Amino acid sequence: MSNFSNKSIAREFSFKLIYKVLCSNENLLELVLTKNPKAEYERFIEEFINSCVEPDDEHPNNQLPSGSQSFALSLCEGVFTNKVTLEEEIGKRLHKRKVHQLEKIDYALLMLGAYEITSIEDTPRTVVIDEMINLAKKFGSADSYSFINGTLDSVGK
């Protein structure tokens, strides 16, 4: 499997974890930020990984290679650690809306995309945007991909 598809797998996993945590209560965000209590954090991550990689009728080839897993978890940690800064960065690009008014899927995708664009230098901006557009087409509403494209295109410029 190529590094490109491993990173694609990692981004989808990251999106799902970010969506779960950011759309949940503050206690879960606190748990993933502090990793305390350690056993509870490790159990949460393990259960989440298992839920994402278990094959089912719709996804018979689910997987999360170890390289993808570490990249995915580093993306998630970056998003959670920089949540306030990322929300401010995204908020500057929203016209007539506030970050908290976004659809939750769009919110999670923008947080992930904005973090990778602003913080991961070895990934071209266009690649990140394309990946977020693909995830928006897969998980978002009919016009999510267009909104994600326009918003992330202005991030980091």
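The values are calculated or read from the model by the stated rules, or taken from the named source; none is laboratory data. Because the structure is a prediction, the values reported are computed rather than measured. Glycine also receives a Cβ, built like all others from the backbone with ideal geometry; neighbour counts cover every protein chain displayed. Side chains included, ligands, DNA and RNA excluded: accessible areas come from the protein's heavy atoms. Shrake-Rupley method; radii C 1.70, N 1.55, O 1.52, S 1.80 Å.
Return the pair list, or none, for Cβ contacts closer than 6 Å from residues in region 123-134 that are assigned to a helix (DSSP H, G or I) to residues that are open to solvent by 20 Å² or more (accessible area, probe 1.4 Å) and hydroxyl-bearing (Ser, Thr, Tyr), at least 6 apart or on different chains. Once the first residue is assigned to a helix (DSSP H, G or I) and sits in region 123-134, its partners that are open to solvent by 20 Å² or more (accessible area, probe 1.4 Å) and hydroxyl-bearing (Ser, Thr, Tyr) give 133/145. Flag: residue 86 matches the condition of being closer than 18 Å to residue 14 by Cβ, at pLDDT 95 or above and assigned to a helix (DSSP H, G or I).
Pick from region 87-120 the residues that are without any contact (Cβ under 8 Å) to a residue 40 or more places away in the chain and among the charged types (D, E, K, R): which of them is nearest to residue 154 (Cα to Cα)? Checking each candidate, the answer is 92.
Could you tell me whether residue 138 is surrounded by fewer than 17 Cβ atoms within 10 Å (Cβ to Cβ), under 17 Å from residue 18 (Cα atoms) and out of contact with any strand residue (DSSP E or B) (no Cβ under 9 Å at 6 or more places or on another chain)?
Details: surrounded by fewer than 17 Cβ atoms within 10 Å (Cβ to Cβ): yes; under 17 Å from residue 18 (Cα atoms): yes; out of contact with any strand residue (DSSP E or B) (no Cβ under 9 Å at 6 or more places or on another chain): yes.
Taking the combined requirement at face value, the residue satisfies it.
Please verify whether region 53-64 includes one or more residues that are surrounded by 17 or more Cβ atoms within 10 Å (Cβ to Cβ), out of contact with any strand residue (DSSP E or B) (no Cβ under 8 Å at 6 or more places or on another chain) and assigned to a helix (DSSP H, G or I). Steps first, answer last, please.
Taking region 53-64 as the starting set, the residues that turn out to be surrounded by 17 or more Cβ atoms within 10 Å (Cβ to Cβ) are 64.
Add one more test, that the residue is out of contact with any strand residue (DSSP E or B) (no Cβ under 8 Å at 6 or more places or on another chain), and what stays is 64.
In the following step, the residues that additionally are assigned to a helix (DSSP H, G or I) were identified as none.
No, there is no match, as no residue in region 53-64 is surrounded by 17 or more Cβ atoms within 10 Å (Cβ to Cβ), out of contact with any strand residue (DSSP E or B) (no Cβ under 8 Å at 6 or more places or on another chain) and assigned to a helix (DSSP H, G or I).
Annotation: residue 36 fulfils all but one of (1) within 23 Å of residue 101 (Cα to Cα); (2) open to solvent by 60 Å² or more (accessible area, probe 1.4 Å); the unmet one is (1).
Pairing residues of region 22-51 that are under 16 Å from residue 70 (Cα atoms) with residues that are open to solvent by 70 Å² or more (accessible area, probe 1.4 Å), at Cβ distances under 6 Å and at least 6 apart in sequence or on separate chains, gives 41/35. Here the condition is being modelled with pLDDT of 90 or more, closer than 24 Å to residue 103 by Cα and either in a loop (DSSP other than H, G, I, E, B) or open to solvent by 30 Å² or more (accessible area, probe 1.4 Å) (or both); of 73, 31, it holds for 73 alone. Quick check on residue 153: is it free of Cβ contacts under 8 Å to residues at least 60 places away in the same chain, open to solvent by less than 70 Å² (accessible area, probe 1.4 Å) and not aliphatic (A, V, I, L, M)? Here the answer is yes, as residue 153 does meet what is asked.
For (1) touching a helix residue (DSSP H, G or I) at 6+ places or on another chain (Cβ under 7 Å); (2) closer than 19 Å to residue 23 by Cα, each residue gets a yes or a no:
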{"residue": "48", "(1), (2)": "yes, yes"}
{"residue": "82", "(1), (2)": "yes, yes"}
{"residue": "91", "(1), (2)": "yes, yes"}
{"residue": "97", "(1), (2)": "no, yes"}
{"residue": "106", "(1), (2)": "yes, yes"}
{"residue": "128", "(1), (2)": "yes, no"}
{"residue": "133", "(1), (2)": "yes, no"}
{"residue": "157", "(1), (2)": "no, no"}
